[in-house]
Amino acid sequence: MKSNRFLSTKIAPRLFGLTFSCCALFCFASKADDWPQWRGPQLNGISAEKGWSDKWPDNRPNNAWKTNVGLGLSSVVVAKGRVYTMGNADNTDTVFCFDAETGKGIWKHSYPSELGDKYFDGGTAGSPTVDGDFVYTISRWGDLFCLQAATGKVVWTRNLQKDHDVQLPDWGFAGSPRVYENLLLLNVGEAGMAVDKKTGKTVWQSANKEAGYSTPLTGRLNNQPVAFFTSGQAFVAVEPATGKEKWRMRWITQYGVNAADPVIDGDKIFISSGYGKGSALLKPAGTGTPEVLWQNKSLRSQMNSAVLLNGHLYGIDGDTTEKASLKCVVFATGEVKWTEPGIGSGGLIAADNKLIVLAERGEVLIAPADPAGFKPTTRAQVLGGKSWTAPVLANGLLFCRNSRGDLVCVKVGK
């Protein structure tokens, strides 16, 4: 998401937990930086690109191309001049590959898949993941693919429901695949699973219980490699190579919607979820329940994760059933520095110390990441409909996507 999340307390899980990998993309020119996976090259929603334009004449987007990819909340990923995303039409999922500059279709791969419009529009949730010459995808119903990135040819495929009879979360699998060395990590089961990325063969698997909706996050804590997964009841840290559990933090969110990815900084980890649950800053000690440094309801990330810049978290606070807002929160204390209403359940990324926000109703807002306040240099309507997928930046172009599958590419390179 992922991005990848959930709708209502009344209309019942109106949304379905998605970490989606929900995120529309950006691209910029000066310092080129591909965006090959959910949350970008550093897994933190931040692009290293500089020199892109944060001020658009007359607040009008310079559209390069536009297309439709079908229903869903999948994000876009960008690698080697190609753009990949997913959508659903006529109970068929399709993985699309486009030329990033022109929008020309390069290839597409389709397979039968239910729409799954339970309390939301339905369609795809997780995003593709590009690793070298290959692209990996997982559907909400457990269809796992390894495709050639240049041609879309199937290298291997399997269905996890048929192979392992894995338990589906209420809204299906929403996290994107995560590559770790020779493994492909998946948020499947109580604390994830791993398959060999070259063959698809299962390497390790956790208990067959309901997964959460986040994308596996890899990193290091206490100088040790770690992978984070969500279940319907907890955030769990494991050894990525073996799946051995290191610790877990019980975290009960309504409908089991633990969807937003954690944020790591040094030896601390920030977790958050929606439906009024809130957030916490944890300090793991290796094994056992982590120390809770603070816990409050200052930032309730339902779907898309916050970004951390200069000691401050910037993220969406609230659910799709309420008037969600953009907030700035002090990482170390949980103190709210400012609140910007009217954003809705959109998403954001950052680049060159600026925030790039795609609001729920398809408006792009660009502003300095400043704890003193939110002062946009650009506000421009780029889409209609419902935009729950965060934007992404890559090579001078900005990609934004809504739930009905409209995908627009905006030139922002100077």
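Each reported figure results from applying straightforward, stated rules to the coordinates on display, with no laboratory input. What you are looking at is a predicted structure, and each value in this text was computed from that prediction instead of being measured. Backbone-built Cβ (ideal geometry, glycine too); neighbour counts: all protein chains shown.
Observations on the model:
- Listed by chain and number, the aspartates and glutamates whose C-alpha is less than 16 Å from the C-alpha of LYS386, apart from same-chain residues fewer than 8 away, are ASP117, ASP121, ASP319, GLU322, GLU360, GLU363, ASP406.
- Percent of Cα-Cα distances greater than 23 Å, calculated over region 36-139: 35 percent
- Counting only lysines at least 8 places from LYS197 when in the same chain, those with an alpha carbon closer than 29 Å to its own are LYS2, LYS80, LYS104, LYS108, LYS153, LYS162, LYS209, LYS244, LYS246.
- Summed residue charge, Cβ within 13 Å of PRO376's Cβ, Lys/Arg positive, Asp/Glu negative: 0
- Loop-resident sites, region 202-255, for trypsin sites (Lys or Arg not before Pro), counting at most 16 other Cβ within 10 Å (DSSP): LYS209, LYS244
- Built from the Cα atoms of region 299-396, the convex hull projects on average onto 6.0 nm², one quarter of its surface area.
- Rounded to whole Hz, the Karplus (6.51, -1.76, 1.60) HN-Hα couplings of region 243-259, x for glycine and proline: x, 5, 6, 9, 6, 9, 10, 4, 8, 8, 10, 3, 6, x, 8, 9, 10
- Interchain or long-range residues, amide H under 5 Å from ALA191's placed H: SER206, ALA207
- Cβ-defined net charge surrounding VAL69, 13 Å radius [Lys, Arg +1; Asp, Glu -1]: +2
- The amide H of VAL155, built 1.01 Å from its N in the peptide plane, has CYS146, LEU147, GLN148 as neighbours under 5 Å, considering only residues 5 or more places off or on other chains.
- DSSP-defined antiparallel bridges as percent of all bridges, the chain, nearest 5: 95 percent
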